[in-house]
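The values are calculated or read from the model by the stated rules, or taken from the named source; none is laboratory data. All values derive from a computational prediction rather than experimental measurement. Cβ: placed from backbone, ideal geometry, glycine included. Neighbour counts: every protein chain shown. The area values use the complete protein model at the heavy-atom level, side chains included, leaving out ligands, DNA and RNA. Shrake-Rupley method; radii C 1.70, N 1.55, O 1.52, S 1.80 Å.
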Amino acid sequence: MTPESRLQVGVDVPWVTSWSEEPMTGVAPCPSVDGVLAVGQVERPGVGRPLYSRNHLFRQRKSVREMLCPMCGKPTANDDRWSQTGHWTTAGAVRAKNMGVWIPPDMADSHRLFDSGAIAPLHRACADRALMYCPHLKGMADRELKAFPDAWLIATLTVEARPQAVYSNLPIRSVPAVTFLQLIGVPDYDG
Ligand SMILES: [Zn+2]
């Protein structure tokens, strides 16, 4: 049996981080995306060792859908959402990248959007703490914390999954399964 780590989830290791004892489980309807097919992962945070470069699939989707701070896992409020890793872009640039995000058709290409990537915004206190301890964040040229807008869009990243149909000789169609969610902040939108 793999021992519990002495590192504490949400304190020493971000809540959203994967652990070595959390293997992927395959494709199934997932409550984190309202029952849509998604790639699953065992939930055993704090067991084994943290895999800092890998977000946990279920916790990542939950963090974006429910605006939970990736560091501590608790909800963030409108006036306390901060991002160091995100950057400003435009609706036109996002449309050009065809990221699968639904941007209202009446939004001008010049409208500013905040590309948060796969990382939901953090509490101010958690962002400060992450910057103090995380070598990756410390090494970034841009250490400025940006305030995350009060409105946002969510895009899904998917993989083509092939359902197992062992006793069927019908052709098997592959279906899209959600992996991670992408988050885009929308400032000044009253459409
Ligand atoms: Zn937090």
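Before moving on, here are some points about what is shown:
- Surface share of carbon and sulfur [accessible, 1.4 angstrom probe, percent] for the chain: 56
- Convex hull of Cα atoms in segment 1-124, direction-averaged projection (nm²): 9.1
- Under 17 Å from Lys97, Cα to Cα: aspartates and glutamates that are on another chain or at least 8 residues apart: Asp109, Asp115
- Residues whose amide H comes within less than 5 Å of that of Ala161, counting only those at least five positions distant or on another chain, are Val175, Ala177 (H built at 1.01 Å from N in the peptide plane).
- For the pair Lys74 and Ser20, a Förster radius of 22 Å applied to the C-beta separation gives a FRET efficiency near 0.35, rounded to the nearest 0.05.
- Toward the positive end of the charge dipole of the chain, with +1 on the Cβ of Lys and Arg and -1 on the Cβ of Asp and Glu, the farthest Cα among Cys30, Thr76, Gln182 is that of Cys30.
- Between Ala177, Ala151, Ala120, the GNM of the chain built on Cα springs shorter than 10 angstrom shows Ala151 fluctuating the most.
- Taking amide H as placed 1.01 Å from N in the peptide plane, the amide H of Trp15 sits under 5 Å from that of Gly10, Met71, Cys72, Gly73, each at least 5 places away or on another chain.
- Backbone phi angles across segment 122-131, fed through the Karplus curve with coefficients 6.51, -1.76 and 1.60 (θ = phi - 60°), yield HN-Hα couplings of 9, 4, 3, 5, 6, 5, 4, 5, 4, 5 Hz in residue order; Gly and Pro are listed as x.
- P(r) tail for segment 56-119: Cα pairs beyond 16 Å make up 54% of the total.
- Whichever lysines have a C-alpha closer than 29 Å to that of Lys74, once near sequence neighbours (fewer than 8 apart) are set aside: Lys62, Lys138, Lys146
- In Hz, Karplus ³J(HN,Hα) per residue of segment 59-70 (6.51, -1.76, 1.60; θ = phi - 60°; x = Gly, Pro): 5, 4, 5, 5, 4, 6, 5, 9, 6, 9, 5, x
- Think of each Lys and Arg Cβ as +1 and each Asp and Glu Cβ as -1; about the Cα centre, that makes the dipole of the chain roughly 520 debye.
- Across His123, His136, the residue with the most accessible area heads the list, and the full order at a 1.4 Å probe is His136, His123.
- Rg over Rh for segment 48-191 works out to 1.05, both radii taken from alpha-carbon positions and Rh defined as the Kirkwood radius.
- Cα-centred dipole magnitude for segment 33-106, charges only on beta-carbon of K, R (+1) and D, E (-1), debye, nearest 20: 360
- Across segment 37-187, the relative contact order, built from alpha-carbon pairs under 8 Å that are at least six residues apart, equals 29 percent.
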